[in-house]
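The values are calculated or read from the model by the stated rules, or taken from the named source; none is laboratory data. Bear in mind that the values here come from a model prediction, so they are computed numbers and not experimental data. Quick reminder, even Gly has a Cβ in these numbers, built from the backbone with ideal geometry, and neighbours come from all protein chains shown. Side chains included, ligands, DNA and RNA excluded: accessible areas come from the protein's heavy atoms. Shrake-Rupley method; radii C 1.70, N 1.55, O 1.52, S 1.80 Å.
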Amino acid sequence: MNRAMGATPGFATGWGADRDWRTAVAACLERLEPVPERADLGFLYVSDHLAGHASDILTVLRGRTGVDDWTGTTGIGVLADGCQLFDTPGLVAMLATVGPENRRLFPPTAALPFAPWFGVLHADPRTPDLPQAIAGHAGEAGGYWVGGLTATRGASPMIARGVRDGGMAGVAFSEAVAVQTGLSQGCTPIGPVHEITRGESNLVVELDGRPAFEVLRAEMGEVLVRNLSRVPGFIFAGLPVSGVDRPDYLVRDLVGFDPGHGVIAIGGEIATGERLMFCRRDAHAAATDMTRMLDDMQGRLDGRRPKAGLYYSCLGRGPNMFPEDRSEIDMIAERFGGMPLAGFFCNGEVSNGRLYTYTGVLSLFV
(Lines give C-alpha, C1' and ligand atoms only; values in the text may rest on other atoms or scores of the structure.)
Protein backbone atom coordinates (compact mmCIF):
# COMPACT_ATOMS: atom_id res chain seq x y z
CA MET A 1 0.00 0.00 0.00
CA ASN A 2 1.31 3.48 -0.86
CA ARG A 3 1.76 5.82 2.06
CA ALA A 4 2.16 9.58 2.19
CA MET A 5 5.55 11.04 3.03
CA GLY A 6 6.10 10.96 6.78
CA ALA A 7 3.63 8.11 7.44
CA THR A 8 4.15 4.75 9.13
CA PRO A 9 1.59 2.45 10.75
CA GLY A 10 0.18 4.37 13.72
CA PHE A 11 2.02 7.65 13.07
CA ALA A 12 2.09 10.42 10.46
CA THR A 13 3.69 13.86 10.23
CA GLY A 14 2.96 16.86 8.08
CA TRP A 15 4.42 20.32 7.85
CA GLY A 16 3.77 23.55 6.04
CA ALA A 17 5.61 26.85 5.63
CA ASP A 18 3.99 30.12 4.60
CA ARG A 19 3.25 33.55 6.05
CA ASP A 20 -0.45 32.80 5.51
CA TRP A 21 -1.42 30.27 8.17
CA ARG A 22 -4.15 28.87 5.93
CA THR A 23 -1.65 27.97 3.22
CA ALA A 24 0.74 26.48 5.77
CA VAL A 25 -1.93 24.30 7.40
CA ALA A 26 -3.22 23.17 3.98
CA ALA A 27 0.27 21.96 3.05
CA CYS A 28 0.58 20.25 6.43
CA LEU A 29 -2.72 18.41 5.94
CA GLU A 30 -1.73 17.27 2.46
CA ARG A 31 1.41 15.67 3.89
CA LEU A 32 -0.53 14.12 6.80
CA GLU A 33 -2.82 12.10 4.54
CA PRO A 34 -3.77 9.35 4.85
CA VAL A 35 -4.58 9.88 8.55
CA PRO A 36 -3.46 6.81 10.53
CA GLU A 37 -6.31 4.47 11.37
CA ARG A 38 -7.78 5.18 14.83
CA ALA A 39 -5.38 8.13 15.37
CA ASP A 40 -6.19 9.55 18.81
CA LEU A 41 -3.39 12.00 19.69
CA GLY A 42 -1.80 14.97 17.95
CA PHE A 43 1.39 16.95 18.56
CA LEU A 44 1.40 20.49 17.14
CA TYR A 45 4.36 22.86 17.05
CA VAL A 46 3.91 26.33 15.53
CA SER A 47 6.65 28.85 14.77
CA ASP A 48 6.23 32.10 16.63
CA HIS A 49 5.47 33.88 13.33
CA LEU A 50 2.12 32.05 13.31
CA ALA A 51 1.56 31.83 17.08
CA GLY A 52 -1.32 34.31 16.98
CA HIS A 53 -3.23 31.86 14.78
CA ALA A 54 -2.60 28.75 16.91
CA SER A 55 -6.28 28.43 17.81
CA ASP A 56 -7.35 28.70 14.16
CA ILE A 57 -4.74 26.16 13.10
CA LEU A 58 -5.80 23.73 15.80
CA THR A 59 -9.47 24.08 14.87
CA VAL A 60 -8.74 23.20 11.23
CA LEU A 61 -6.50 20.27 12.14
CA ARG A 62 -9.03 18.89 14.57
CA GLY A 63 -11.84 19.15 12.03
CA ARG A 64 -9.91 17.61 9.13
CA THR A 65 -8.20 14.76 11.04
CA GLY A 66 -10.95 13.85 13.51
CA VAL A 67 -8.37 13.89 16.34
CA ASP A 68 -9.60 15.82 19.38
CA ASP A 69 -6.68 15.52 21.80
CA TRP A 70 -3.65 17.68 20.99
CA THR A 71 -0.59 18.93 22.83
CA GLY A 72 2.20 21.28 21.79
CA THR A 73 3.48 24.85 21.88
CA THR A 74 5.43 27.54 20.01
CA GLY A 75 9.07 27.64 18.96
CA ILE A 76 11.47 29.94 17.14
CA GLY A 77 11.46 27.16 14.56
CA VAL A 78 9.88 23.76 14.01
CA LEU A 79 11.29 20.37 13.01
CA ALA A 80 9.86 17.59 10.89
CA ASP A 81 11.27 14.51 9.19
CA GLY A 82 13.61 15.82 6.52
CA CYS A 83 12.75 19.48 7.21
CA GLN A 84 14.07 22.23 9.48
CA LEU A 85 12.16 25.53 9.55
CA PHE A 86 14.25 27.89 11.68
CA ASP A 87 12.93 31.43 12.19
CA THR A 88 10.45 30.79 9.35
CA PRO A 89 6.63 30.94 9.39
CA GLY A 90 5.58 27.32 9.62
CA LEU A 91 4.13 24.45 11.62
CA VAL A 92 4.50 20.70 12.07
CA ALA A 93 1.86 18.23 13.24
CA MET A 94 2.26 14.58 14.16
CA LEU A 95 -0.62 12.14 14.61
CA ALA A 96 -0.29 9.04 16.76
CA THR A 97 -2.36 5.95 17.45
CA VAL A 98 -1.55 4.84 20.98
CA GLY A 99 -4.99 4.16 22.47
CA PRO A 100 -6.80 6.54 24.82
CA GLU A 101 -6.28 4.04 27.65
CA ASN A 102 -2.49 4.45 27.29
CA ARG A 103 -2.18 8.23 27.48
CA ARG A 104 -3.67 11.27 29.18
CA LEU A 105 -3.31 14.97 28.44
CA PHE A 106 -2.63 17.49 31.21
CA PRO A 107 -4.01 19.81 32.35
CA PRO A 108 -6.64 18.86 33.48
CA THR A 109 -4.92 17.09 36.34
CA ALA A 110 -7.49 14.38 37.01
CA ALA A 111 -6.13 11.19 38.53
CA LEU A 112 -4.47 8.99 35.91
CA PRO A 113 -5.70 5.43 35.40
CA PHE A 114 -2.07 4.28 35.13
CA ALA A 115 1.35 5.08 36.56
CA PRO A 116 3.16 7.17 33.90
CA TRP A 117 6.49 5.77 32.75
CA PHE A 118 7.12 8.35 30.02
CA GLY A 119 5.77 11.85 29.41
CA VAL A 120 6.15 14.90 27.16
CA LEU A 121 6.18 18.28 28.89
CA HIS A 122 5.85 21.77 27.40
CA ALA A 123 6.37 24.77 29.68
CA ASP A 124 6.22 28.56 29.51
CA PRO A 125 9.63 29.98 30.56
CA ARG A 126 7.78 32.73 32.46
CA THR A 127 6.58 30.12 34.98
CA PRO A 128 7.95 30.99 38.47
CA ASP A 129 10.71 28.70 39.81
CA LEU A 130 10.55 26.73 36.58
CA PRO A 131 13.36 24.17 37.20
CA GLN A 132 11.77 23.27 40.52
CA ALA A 133 8.29 23.20 38.96
CA ILE A 134 9.43 20.77 36.25
CA ALA A 135 11.24 18.53 38.72
CA GLY A 136 8.25 18.67 41.05
CA HIS A 137 5.85 17.68 38.30
CA ALA A 138 8.04 14.78 37.20
CA GLY A 139 8.48 13.60 40.78
CA GLU A 140 4.79 13.80 41.58
CA ALA A 141 3.59 12.19 38.35
CA GLY A 142 6.36 9.61 38.13
CA GLY A 143 8.10 8.41 34.99
CA TYR A 144 10.67 9.85 32.58
CA TRP A 145 9.72 13.28 31.20
CA VAL A 146 11.12 15.03 28.13
CA GLY A 147 10.11 18.17 26.27
CA GLY A 148 10.91 21.84 25.80
CA LEU A 149 10.15 25.42 26.80
CA THR A 150 8.14 27.74 24.60
CA ALA A 151 10.36 30.04 22.52
CA THR A 152 8.69 33.13 21.13
CA ARG A 153 9.00 36.85 20.51
CA GLY A 154 5.28 37.41 20.96
CA ALA A 155 2.28 35.27 21.86
CA SER A 156 3.15 32.02 23.66
CA PRO A 157 0.22 29.61 23.30
CA MET A 158 0.28 26.30 25.15
CA ILE A 159 -1.77 23.51 23.59
CA ALA A 160 -3.65 21.21 25.98
CA ARG A 161 -6.55 19.90 23.92
CA GLY A 162 -7.35 23.56 23.24
CA VAL A 163 -5.12 26.64 23.38
CA ARG A 164 -4.25 28.22 26.71
CA ASP A 165 -1.72 30.79 27.93
CA GLY A 166 1.20 29.98 30.21
CA GLY A 167 1.93 27.21 32.66
CA MET A 168 2.76 23.65 31.67
CA ALA A 169 1.03 21.16 29.39
CA GLY A 170 1.77 17.79 27.88
CA VAL A 171 0.86 14.14 27.79
CA ALA A 172 1.64 11.13 29.98
CA PHE A 173 2.01 7.60 28.59
CA SER A 174 1.62 4.20 30.19
CA GLU A 175 4.27 1.50 29.97
CA ALA A 176 2.35 0.01 27.03
CA VAL A 177 3.93 2.74 24.84
CA ALA A 178 7.54 1.72 24.19
CA VAL A 179 10.00 4.64 23.96
CA GLN A 180 13.78 5.11 23.89
CA THR A 181 15.27 8.53 24.75
CA GLY A 182 18.64 10.24 24.37
CA LEU A 183 20.29 13.55 25.28
CA SER A 184 23.02 15.35 23.34
CA GLN A 185 25.02 18.21 24.83
CA GLY A 186 26.05 21.33 22.90
CA CYS A 187 29.03 22.16 25.13
CA THR A 188 32.21 20.40 26.19
CA PRO A 189 34.09 20.71 29.52
CA ILE A 190 37.33 22.73 29.47
CA GLY A 191 38.57 21.79 32.93
CA PRO A 192 38.04 19.51 35.92
CA VAL A 193 35.06 19.39 38.24
CA HIS A 194 35.39 21.72 41.23
CA GLU A 195 33.67 21.92 44.59
CA ILE A 196 31.81 25.13 45.40
CA THR A 197 33.39 25.88 48.77
CA ARG A 198 31.59 29.20 49.15
CA GLY A 199 28.52 30.48 47.37
CA GLU A 200 24.87 31.35 47.68
CA SER A 201 21.91 32.08 45.41
CA ASN A 202 23.51 32.36 41.95
CA LEU A 203 26.86 33.74 43.18
CA VAL A 204 29.94 31.50 43.20
CA VAL A 205 32.55 33.00 45.53
CA GLU A 206 35.08 30.16 45.93
CA LEU A 207 35.91 26.96 44.07
CA ASP A 208 38.16 24.45 45.85
CA GLY A 209 39.00 27.20 48.34
CA ARG A 210 40.18 29.62 45.63
CA PRO A 211 38.40 32.74 44.31
CA ALA A 212 35.98 31.51 41.65
CA PHE A 213 37.05 34.07 39.05
CA GLU A 214 40.68 33.04 39.50
CA VAL A 215 39.75 29.44 38.65
CA LEU A 216 37.73 30.58 35.64
CA ARG A 217 40.60 32.75 34.39
CA ALA A 218 43.06 29.88 34.58
CA GLU A 219 40.80 27.61 32.51
CA MET A 220 39.52 29.96 29.82
CA GLY A 221 42.80 31.81 29.16
CA GLU A 222 44.00 35.40 29.24
CA VAL A 223 42.63 36.32 25.80
CA LEU A 224 39.05 36.04 27.04
CA VAL A 225 39.92 37.53 30.44
CA ARG A 226 41.07 40.72 28.68
CA ASN A 227 37.70 40.95 26.90
CA LEU A 228 35.03 39.63 29.26
CA SER A 229 32.26 40.79 26.93
CA ARG A 230 33.15 37.83 24.69
CA VAL A 231 32.66 35.25 27.44
CA PRO A 232 28.83 35.01 27.61
CA GLY A 233 27.59 32.71 24.87
CA PHE A 234 30.97 30.98 24.61
CA ILE A 235 31.95 29.88 28.13
CA PHE A 236 29.36 28.40 30.52
CA ALA A 237 29.03 26.81 33.94
CA GLY A 238 28.26 23.10 34.02
CA LEU A 239 26.55 21.56 37.05
CA PRO A 240 27.24 17.79 37.08
CA VAL A 241 24.22 15.51 37.52
CA SER A 242 24.70 12.68 40.00
CA GLY A 243 23.09 9.25 39.92
CA VAL A 244 23.09 8.80 36.11
CA ASP A 245 24.80 6.12 34.04
CA ARG A 246 26.93 8.48 31.90
CA PRO A 247 28.65 11.84 32.45
CA ASP A 248 25.90 14.46 32.44
CA TYR A 249 25.66 18.09 33.41
CA LEU A 250 23.26 21.03 33.38
CA VAL A 251 24.63 24.01 31.44
CA ARG A 252 23.99 27.45 32.89
CA ASP A 253 24.98 30.87 31.48
CA LEU A 254 27.70 32.99 33.05
CA VAL A 255 25.82 36.22 33.67
CA GLY A 256 28.29 38.37 35.63
CA PHE A 257 31.85 38.75 36.87
CA ASP A 258 33.53 40.64 39.69
CA PRO A 259 37.29 40.12 39.15
CA GLY A 260 38.12 42.40 42.07
CA HIS A 261 36.31 40.17 44.57
CA GLY A 262 36.81 36.94 42.61
CA VAL A 263 33.07 36.30 42.25
CA ILE A 264 31.12 34.97 39.26
CA ALA A 265 27.35 34.88 38.78
CA ILE A 266 25.58 32.10 36.88
CA GLY A 267 22.07 31.73 35.51
CA GLY A 268 20.89 29.29 38.15
CA GLU A 269 20.80 28.57 41.86
CA ILE A 270 23.84 26.98 43.53
CA ALA A 271 24.79 26.00 47.07
CA THR A 272 28.02 25.46 48.98
CA GLY A 273 29.18 21.86 48.61
CA GLU A 274 27.80 21.39 45.10
CA ARG A 275 30.04 20.73 42.11
CA LEU A 276 30.75 22.95 39.09
CA MET A 277 32.90 22.88 35.99
CA PHE A 278 33.40 25.27 33.10
CA CYS A 279 32.36 24.42 29.53
CA ARG A 280 32.85 25.81 26.04
CA ARG A 281 30.13 25.99 23.43
CA ASP A 282 31.63 24.11 20.53
CA ALA A 283 30.05 23.18 17.16
CA HIS A 284 32.46 20.30 16.57
CA ALA A 285 31.83 18.88 20.03
CA ALA A 286 28.06 19.24 19.52
CA ALA A 287 28.20 17.24 16.26
CA THR A 288 30.42 14.62 17.89
CA ASP A 289 28.08 14.24 20.85
CA MET A 290 25.07 14.05 18.51
CA THR A 291 26.75 11.10 16.79
CA ARG A 292 27.45 9.51 20.18
CA MET A 293 23.80 9.84 21.18
CA LEU A 294 22.58 8.34 17.90
CA ASP A 295 25.08 5.48 18.18
CA ASP A 296 23.88 4.75 21.70
CA MET A 297 20.19 4.85 20.76
CA GLN A 298 20.73 2.67 17.70
CA GLY A 299 22.51 0.12 19.87
CA ARG A 300 19.68 0.08 22.40
CA LEU A 301 17.14 -0.50 19.63
CA ASP A 302 18.86 -3.85 18.93
CA GLY A 303 17.83 -3.92 15.29
CA ARG A 304 14.30 -2.59 15.78
CA ARG A 305 13.11 0.19 13.49
CA PRO A 306 11.57 3.16 15.33
CA LYS A 307 7.97 4.00 14.44
CA ALA A 308 8.30 7.75 15.01
CA GLY A 309 10.26 10.36 16.94
CA LEU A 310 10.04 13.63 18.85
CA TYR A 311 13.05 15.97 18.85
CA TYR A 312 13.54 19.06 21.00
CA SER A 313 16.57 21.22 20.23
CA CYS A 314 17.83 24.43 21.82
CA LEU A 315 17.31 27.53 19.68
CA GLY A 316 21.04 28.16 20.21
CA ARG A 317 21.78 25.00 18.21
CA GLY A 318 20.19 24.57 14.77
CA PRO A 319 21.93 26.65 12.07
CA ASN A 320 23.99 28.35 14.79
CA MET A 321 25.91 25.10 15.45
CA PHE A 322 25.20 22.70 12.58
CA PRO A 323 25.89 23.33 8.89
CA GLU A 324 22.95 23.68 6.53
CA ASP A 325 24.01 20.64 4.51
CA ARG A 326 24.12 18.35 7.58
CA SER A 327 21.72 19.55 10.24
CA GLU A 328 20.60 17.67 13.33
CA ILE A 329 17.55 16.49 11.39
CA ASP A 330 19.83 15.20 8.60
CA MET A 331 21.88 13.27 11.15
CA ILE A 332 18.74 11.70 12.65
CA ALA A 333 17.43 10.85 9.17
CA GLU A 334 20.74 9.23 8.20
CA ARG A 335 20.37 6.88 11.16
CA PHE A 336 16.61 6.33 11.31
CA GLY A 337 15.52 7.60 7.88
CA GLY A 338 11.91 7.67 6.82
CA MET A 339 10.24 7.73 10.22
CA PRO A 340 7.71 10.46 11.11
CA LEU A 341 9.32 13.07 13.35
CA ALA A 342 8.17 16.33 14.94
CA GLY A 343 9.67 18.88 17.30
CA PHE A 344 10.70 22.49 17.76
CA PHE A 345 13.54 24.82 18.71
CA CYS A 346 13.13 25.51 22.43
CA ASN A 347 14.12 28.06 25.04
CA GLY A 348 15.30 25.20 27.25
CA GLU A 349 14.98 21.42 27.01
CA VAL A 350 13.63 18.82 29.43
CA SER A 351 15.16 15.38 29.90
CA ASN A 352 14.45 13.04 32.79
CA GLY A 353 12.52 15.81 34.56
CA ARG A 354 15.48 18.25 34.51
CA LEU A 355 15.80 21.56 32.69
CA TYR A 356 18.76 21.73 30.29
CA THR A 357 20.08 24.31 27.82
CA TYR A 358 22.01 23.97 24.55
CA THR A 359 20.98 20.33 24.25
CA GLY A 360 19.04 18.10 21.87
CA VAL A 361 16.54 15.58 23.30
CA LEU A 362 15.41 12.73 21.03
CA SER A 363 12.62 10.27 21.88
CA LEU A 364 11.85 7.31 19.64
CA PHE A 365 8.57 5.39 19.71
CA VAL A 366 9.42 1.74 19.18
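I need the full set of residues from the range 166-224 which are in a strand (DSSP E or B), out of contact with any Pro (no Cβ under 6 Å at 6 or more places or on another chain), among the small types (Gly, Ala, Ser) and within 25 Å of residue 45 (Cα to Cα), in order please. 169, 170, 182, 184, listed by residue number. Picking from residues in the range 306-332 that are touching a residue at least 40 places away in the same chain (Cβ under 8 Å) and open to solvent by 60 Å² or more (accessible area, probe 1.4 Å), the one that is nearest to residue 342 (Cα to Cα) is 307.
Collect the residues in the range 152-163 that are more than 16 Å from residue 310 (Cβ to Cβ) and either in a loop (DSSP other than H, G, I, E, B) or among the aliphatic types (A, V, I, L, M) (or both), keeping them in residue-number order.
Quick first cut of the range 152-163, residues more than 16 Å from residue 310 (Cβ to Cβ) only: 152-158, 160-163.
The answer is 152, 153, 154, 155, 156, 158, 160, 161, 163.
Among the residues making up the range 30-51, those that are touching a strand residue (DSSP E or B) at 6+ places or on another chain (Cβ under 7 Å), closer than 15 Å to residue 62 by Cβ and either among the acidic types (Asp, Glu) or open to solvent by less than 10 Å² (accessible area, probe 1.4 Å) (or both) are 32, 41, 42, 43, 44, 46.
Within the range 39-91, if we keep just the residues that are part of a loop (DSSP other than H, G, I, E, B) and in contact (Cβ under 8 Å) with a residue 60 or more places away in the chain, the residue that is nearest to residue 311 (Cα to Cα) turns out to be 81.
Any residue at all in the range 340-353 that is surrounded by fewer than 24 Cβ atoms within 10 Å (Cβ to Cβ) and of a type in the set (A, V, I, L, M)? No - not one qualifying residue is present in the range 340-353.
Pairs linking a residue in the range 223-240 that is in contact (Cβ under 8 Å) with a residue 60 or more places away in the chain to a residue that is among the hydrophobic types (A, V, I, L, M, F, W, C), with Cβ atoms under 6 Å and 6 or more positions apart or on different chains, are 236/187; 236/251; 236/279.
Within the range 275-291, can one find any residue that is under 18 Å from the mean Cα position of the chain (by Cα) and more than 30 Å from residue 338 (Cα to Cα)? The answer is yes, given that some residue of the range 275-291 is under 18 Å from the mean Cα position of the chain (by Cα) and more than 30 Å from residue 338 (Cα to Cα).
Regarding residue 148, is this residue open to solvent by less than 10 Å² (accessible area, probe 1.4 Å) and modelled with pLDDT under 95? No. Taking the listed residues 110, 135, 93, 155, the one that is within 24 Å of residue 356 (Cβ to Cβ) and either open to solvent by 30 Å² or more (accessible area, probe 1.4 Å) or at pLDDT 95 or above (or both) is 135, with no other qualifying. Put simply, of 231, 255 the only residue that is under 23 Å from residue 185 (Cα atoms), more than 21 Å from the chain's Cα centre (by Cα), open to solvent by 60 Å² or more (accessible area, probe 1.4 Å) and hydrophobic (A, V, I, L, M, F, W, C) is 255.
Step by step: first the residues of the range 162-181, then only those that are more than 30 Å from residue 299 (Cβ to Cβ) and surrounded by 18 or more Cβ atoms within 10 Å (Cβ to Cβ), then the one that is farthest from the chain's Cα centre (by Cα). Which residue is that?
At the first step, the residues of the range 162-181 found to be more than 30 Å from residue 299 (Cβ to Cβ) are 162-169.
Next, only the ones that are surrounded by 18 or more Cβ atoms within 10 Å (Cβ to Cβ) stay: 163, 168-169.
Details: 163: 20, 168: 14, 169: 14 Å.
Here the residue is 163.
Quick one: in the range 269-303, which of the residues that are open to solvent by 50 Å² or more (accessible area, probe 1.4 Å) and in a loop (DSSP other than H, G, I, E, B) is farthest from residue 129 (Cα to Cα)? By that ranking, first place goes to 303.
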